[in-house]
Amino acid sequence: MAISVPLHQLTYSFFSNPQGQWKWCAKPSYSFSNNSQNNIRAIKASVETPPFPLFQNPKLEETPADGLEPADPDFYKIGYVRSMRAYGVEFKEGPDGFGVFASKDIEPRRRARLVMQIPLELMLTIRQKLPWMFFPDIVPLGHPIFDIINSTDPETDWDLRLACLLLYAFDQDDNFWQLYGDFLPNADECTSLLLATEEDLMELQDPNLASTMREQQKRAREFWEKNWHSGVPLKIKRLAHDPERFIWAVSIAQSRCINMQVRIGALVQDANMLIPYADMLNHSFQPNCFFHWRFKDRMLEVMVNAGQHVRRGEEMTVNYMHGQMNDMLMQRYGFSSPVNPWNVIQFSGDARIHLDSFLSVFNISGLPEEYYHNSTCSA
Ligand SMILES: C[S@@+](CC[C@H](N)C(=O)[O-])C[C@H]1O[C@@H](n2cnc3c(N)ncnc32)[C@H](O)[C@@H]1O
């Protein structure tokens, strides 16, 4: 797992791309190398063909024309042998980290179309309400991590709880997340502001967001100090030797958690879930995909919208947040969107007429659309 890079050795920076999007990153670019041992995300394609037929894996090229790197075949294999299925999609590394791309044209259909299925067994899941419950049932009663998770508030501490479960899963022999962890962003790749230094937070030029992030960092650090003190048993200690490791796990939980109402057996429950493969979908306010929980088979399905045309090579996306402004996107995921519709000042039809008539006094009329937008939209 690529998570032990000491934070103080890194240079973090905020940068905006030509589209006006703000993003925080420990390094301005990714390292395209296949070396998970050296804390570098494994992404390089090999020329082996995966031994399973359902994946329509693209023919791997030495230098991809689109500048994106196909995922390591192992990335598919570890999920496939445990019943994850994907149809007509491929995972590639690009400017926003891993993303999911169409490997063939998807013609518009009257009904939504299935592209991925991920079974419950591969997910890390914690219920939001007491009695708390998690899947898969990997934490034995009496294990001290059980007590640590149990000491939290299920409604507010979902991120701390998921972080504990994730760290615990990494430590379990033969647990799927031990393998999947190699494909998660490490501390210098993860854009979460939880990993930002004080200097970086000052650069935000948003005192509210900066102070929220400081509080969140403090909360995660204090939780680690309380539960990872020198007297804890080794089986707890080794899950997170330092607070940076724990804060990294919280940032993974925050930036990848999917909240869903799932029915498992007779229980319908709100759950916080880390869902492998689905968590590689990047965000768009005009997404072409959505998530669907399939009760019968207890699996998450990623569906392409009805009527949606997706061309080969196009990115598949979901909408992470409805009705939230860029500061919320920054807080949770470490990026903002220049086209966030919730950062637009809402003028009612009348208000806009009033604005136009006010401006006409100054001989200004017919302002381009962007002048009606809130100029503070980049967090
Ligand atoms: C759920 S993960 C998606 C997979 C991720 N790209 C990866 O490499 O593992 C969410 C993270 O992806 C990145 N991301 C997703 N959508 C993005 C977007 N529209 N613009 C910039 N970064 C984005 C951010 O770093 C965010 O914290």
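Brief remarks on what is shown
This table checks each residue for (1) within 20 Å of the chain's Cα centre (by Cα); (2) of a type in the set (Phe, Trp, Tyr); (3) at pLDDT 95 or above.
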residue	(1), (2), (3)
PHE52	no, yes, no
GLU69	yes, no, no
ALA86	yes, no, no
GLY94	yes, no, no
GLY99	yes, no, yes
ALA102	yes, no, yes
PRO108	no, no, yes
ARG113	no, no, yes
MET116	yes, no, yes
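- Filtering the stretch 267-280 to residues that are near the ligand (Cβ under 6 Å from one of its atoms) and touching a residue at least 60 places away in the same chain (Cβ under 8 Å) leaves only MET280.
- Residues of the stretch 70-110 classified as touching a helix residue (DSSP H, G or I) at 6+ places or on another chain (Cβ under 6 Å), within 14 Å of the ligand (Cβ to nearest atom) and open to solvent by 10 Å² or more (accessible area, probe 1.4 Å), total: 0
- Residue count, the stretch 244-266 (criterion: away from the ligand (no atom under 14 Å from the Cβ) and touching a residue at least 60 places away in the same chain (Cβ under 8 Å)): 6
- Within the stretch 293-312, considering residues that are modelled with pLDDT of 95 or more and in contact with an Asp or Glu (Cβ under 9 Å, 6 or more places away or on another chain), the one surrounded by the most Cβ atoms within 10 Å (Cβ to Cβ): VAL310
- Condition met for GLY323 (modelled with pLDDT of 95 or more and out of contact with any strand residue (DSSP E or B) (no Cβ under 9 Å at 6 or more places or on another chain)): no
- Taking helices (runs of 4 or more DSSP H) as the structural unit, those lying wholly within the stretch 111-196 and holding at least 3 residues that are away from the ligand (no atom under 16 Å from the Cβ), open to solvent by less than 10 Å² (accessible area, probe 1.4 Å) and on the phi < 0 side of the Ramachandran plot correspond to 158-170.
- The set of residues in the stretch 206-230 being open to solvent by less than 60 Å² (accessible area, probe 1.4 Å) and of a type outside the set (S, T, N, Q) consists of ASP206, LEU209, ALA210, MET213, ALA220, PHE223, TRP224, TRP228.
- If only residues of the stretch 231-240 that are among the basic types (Lys, Arg) and in a helix (DSSP H, G or I) are counted, the one that is least open to solvent (accessible area, probe 1.4 Å) is LYS237.
The values are calculated or read from the model by the stated rules, or taken from the named source; none is laboratory data. Model, not experiment: these values are computed from the prediction. Note that each Cβ is placed from the backbone with ideal geometry, even for glycine, and that neighbours are counted across all protein chains shown. Please note that ligands, DNA and RNA were not included when accessible areas were found on the heavy atoms of the full protein model with its side chains. Shrake-Rupley method; radii C 1.70, N 1.55, O 1.52, S 1.80 Å.
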